[in-house]
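Novice: Below you will find the structure I want to go over with you.
The values are calculated or read from the model by the stated rules, or taken from the named source; none is laboratory data. Keep in mind that this is a model prediction, so the values were computed, not measured. All Cβ positions, even for glycine, are placed from backbone atoms using ideal geometry, and neighbour counts span all protein chains on display. With ligands, DNA and RNA removed, areas are computed over all heavy atoms of the protein, side chains included. Shrake-Rupley method; radii C 1.70, N 1.55, O 1.52, S 1.80 Å.
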Amino acid sequence: MPRNKNIKPNKAQTRFMKKKVKFAIVMLFVAVSLFSFGCGKKAVDSANISRDDARVGGSLSFVYNKDRREAYIGGEGEVVQYSLANDTFGFDEGCRVGLKITAPDGEVDLETASLKMNGVRYAMGDFLAKVNGVPQRFFTIYPKFSKEDKSVNLCISWGDKVKKQEYKVIIEDGTQFMDKDGNVA
């Protein structure tokens, strides 16, 4: 159907069209910017979690599901040993299990990495292991467990521009705990 060239839009229609054009230009600019410079924080692969080299807590079964970011420790009849306070490792006494967490491959910024465990936040890579003053791509933690508290949640960001990752460490049912006097319950 041919358009009637004699019909012109009124002022309200003209303003509306100008707003639509401005909005389209702004959206185009935003889309080009996001495409060019990236959008938000980057996702990286999950960290690797293993037992610490000193095996704090004893020789316990250990299974890590990297896809679900869950570590399972112990099992039927296994015992988490009692640890005395240790200034070298920086913990007070109790049933602890040592874990080594290694940063994933990829673009991570260790200087701005952060860890949150049991409500305490460790920032600016202070928690990372150091060799000759140089931060490494791993750290060790020693979460405290008990009959009443069999899991720990961790939140790790491998840098300001990397998405945070949630991890869970779980003591398996049937695992027992040693007390200060060496008794197992």
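Novice: If you add up the charges near K100, with Lys and Arg at +1 and Asp and Glu at -1, over every other residue whose beta carbon is less than 10 angstrom from its beta carbon, what do you get?
Specialist: Working: positive: R51; negative: D52, D53.
Local charge sum for K100: -1.
Novice: Let me ask you something else. Where the accessible area of the range 68-154 is counted over protein heavy atoms with a 1.4 Å probe, how much of it, in %, is carbon and sulfur?
Specialist: On the way: 2170 of 4780 Å².
Roughly 45 percent, rounded to a whole number.
Novice: Calculate log10 I(q)/I(0) of the range 54-185 for q = 0.17 Å⁻¹, where I(q) comes from the Debye formula with a single equal point scatterer on each Cα and nothing for solvent.
Specialist: Rounded to two decimals, the profile gives -0.93.
Novice: For the range 121-185, divide the Cα radius of gyration by the Kirkwood radius and give the resulting Rg/Rh value with two decimals.
Specialist: Working: Rg = 16.0 Å, Rh = 14.6 Å.
Reported Rg/Rh (Cα atoms, Kirkwood Rh): 1.09.
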